[in-house]
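Q: Just dropping this structure here.
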Amino acid sequence: MSSATSPPLLLPISNSESQPPIATPAFRAFINHISESLRHGLSQRRPWIELADRSAFSKPESFSDAALRIRKNYSYFRVNYLSVIALTLAFSLLSHPFSLLVLLGLLSSWLFLYLFRPSDQPLVLFGRTFSEKETLGLLTVTSIFVVFLTTVGSLLISALLVGVGLVCVHGAFRVPEDLFLDQQENSASGFLSFLSGAASNAAVAAARV
């Protein structure tokens with residue numbers, strides 16, 4: 001009796017084009033660079049007890065004096081001030097879960113439909129193929145509608161105004177004479193430089209895919 005024929009050996013074939021966007025090298029490079037830049041920026045923050053030193057507060061003599069104090073204090077407490085604004089925005093969004101979900105959906109659309117989508121793969125929605133310009137235009141119009149024509153935009157603007165107002169009030173009443181500003185003036189690119197760097201790194205990584 002003849003032996004049964006063994007089935008052919010099937011080798012697993014990986015298709016890089018079917019790789020989900022969240023696992024692409026461009027996305028991983030983008031997230032890694034942002035996390036590293038955030039850690040580096042937060043490491044440059046000043047002690048919060050120094051920010052709240054009650055003995056260093058006094059009423060400004062004039063509007064120009066208040067503006068000068070704000071500029072000097074922002075130069076020194078830049079990371080702390082940006083953290084206050086970010087926390088204000090975060091608190092506002094967490095108190096309005098619907099707006100938070102809408103913004104997360106908008107951000108995901110930009111990431112997966114435009115930034116990290118392979119350039120040789122056109123976007124196909126509902127059986128229609130969209131070109132690169134059409135995809136960009138669609139995302140831009142959607143972003144404008146979400147930010148300026150819904151309650152999400154008013155929530156962001158009001159939270160941003162509250163955060164900036166807190167920073168300006170603190171900066172106007174905090175006397176900056178005891179602060180060492182020389183080193184901080186030379187590092188003006190500090191905390192938010194990760195935005196341009198992360199975008200450029202993501203673009204390079206996407207080009208290599």
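The values are calculated or read from the model by the stated rules, or taken from the named source; none is laboratory data. It should be emphasised that the depicted structure is a prediction, and the values quoted were computed from it without experimental measurement. Methodologically, a virtual Cβ is constructed for each residue, glycine included, from the backbone with ideal geometry; neighbour enumeration extends over all protein chains shown. Protein only, heavy atoms only, side chains kept; ligands, DNA and RNA dropped before computing areas. Shrake-Rupley method; radii C 1.70, N 1.55, O 1.52, S 1.80 Å.
Q: Determine the pairs where a residue that is farther than 9 Å from residue 45 by Cβ, located within segment 71-87, has a partner that is at pLDDT 90 or above and not in a helix (DSSP H, G or I) with Cβ atoms under 8 Å apart, the partner being 6 or more residues away or on another chain.
A: 73/174
Q: Moving to a separate point now. Does segment 56-71 contain at least one residue that is surrounded by 17 or more Cβ atoms within 10 Å (Cβ to Cβ), within 27 Å of residue 39 (Cα to Cα), basic (Lys, Arg) and modelled with pLDDT of 85 or more?
A: Checked segment 56-71: no residue is surrounded by 17 or more Cβ atoms within 10 Å (Cβ to Cβ), within 27 Å of residue 39 (Cα to Cα), basic (Lys, Arg) and modelled with pLDDT of 85 or more.
Q: Let me ask another. Filter segment 165-176 down to residues that are open to solvent by 60 Å² or more (accessible area, probe 1.4 Å) and touching a residue at least 40 places away in the same chain (Cβ under 8 Å) and give me whichever is nearest to residue 87 (Cα to Cα).
A: Residue satisfying both the conditions and the ranking: 166.
Q: Can you pull out every residue in segment 116-159 that is open to solvent by less than 50 Å² (accessible area, probe 1.4 Å) and small (Gly, Ala, Ser)?
A: Listed by number, the residues that qualify are 137, 143, 153, 159.
Q: Confirm whether residue 190 is at pLDDT 80 or above and open to solvent by less than 30 Å² (accessible area, probe 1.4 Å).
A: No, not satisfied.
Q: Of the conditions (1) over 16 Å from the mean Cα position of the chain (by Cα); (2) assigned to a helix (DSSP H, G or I), residue 117 satisfies every one except a single condition; which number is it?
A: Evaluating residue 117 over (1) over 16 Å from the mean Cα position of the chain (by Cα); (2) assigned to a helix (DSSP H, G or I) leaves (2) as the failure.
Q: For segment 47-76, what are the residues that are farther than 27 Å from residue 157 by Cα and part of a loop (DSSP other than H, G, I, E, B)?
A: Residues satisfying the conditions are 47, 53, 58, 59, 60, 61, 62.
Q: Looking at (1) open to solvent by less than 80 Å² (accessible area, probe 1.4 Å); (2) at pLDDT 85 or above; (3) aliphatic (A, V, I, L, M), which is the only condition residue 113 fails?
A: The number of the failed condition is (2).
Q: In the list 146, 84, 79, which residue meets the criterion of being part of a helix (DSSP H, G or I), touching a His at 6+ places or on another chain (Cβ under 9 Å) and hydrophobic (A, V, I, L, M, F, W, C)? Quick ask: steps written out before the conclusion?
A: On the way: 146 fails: touching a His at 6+ places or on another chain (Cβ under 9 Å); 79 fails: touching a His at 6+ places or on another chain (Cβ under 9 Å).
The conditions single out 84.
Q: Could you list, in sequence order, the residues of segment 97-154 that are under 30 Å from residue 87 (Cα atoms) and touching a residue at least 40 places away in the same chain (Cβ under 8 Å)?
A: 99, 102, 103, 106, 111, 112, 115, 116, 146, 150, 151, 152
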